[in-house]
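What follows is calculated from the coordinates using simple rules that are stated; it is not laboratory data. Predicted, not measured: the structure shown is a model, and the values here were computed from it. Don't worry about glycine lacking a Cβ; one is built from the backbone with ideal geometry, like all the others, and counts go over all protein chains shown.
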Amino acid sequence: MLNIKYMTKKDYEGFLYKIDQLNKLVELINGSPEKYKVFINCKTHEEVVELASSWGFEIAKRWGEY
């Protein structure tokens, strides 16, 4: 039998928050050629998350992670 996890309201809010953070991150990168260059030089997901965090964004969590 499949173990299905349904998205809770809290999960959904976390999902929307991450989308908002990603959209703001894209805005920042698109507005700054210097930040774009730094961003595209990231080689791993962890580097992207760490860089985004240094710029004030939270993008590491997936929905359902608390």
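Available extension along the chain between GLU47 and GLU27 is 5.3 nm, counting 0.36 nm per residue and deducting the alpha carbon span. Take 45-52, 31-38 and order them by the average number of nearby Cβ atoms within 10 Å per residue, most first; the result is 45-52, 31-38.
With contacts taken as Cα pairs under 8 Å and at least 6 residues apart, the chain reaches a relative contact order of 44 percent.
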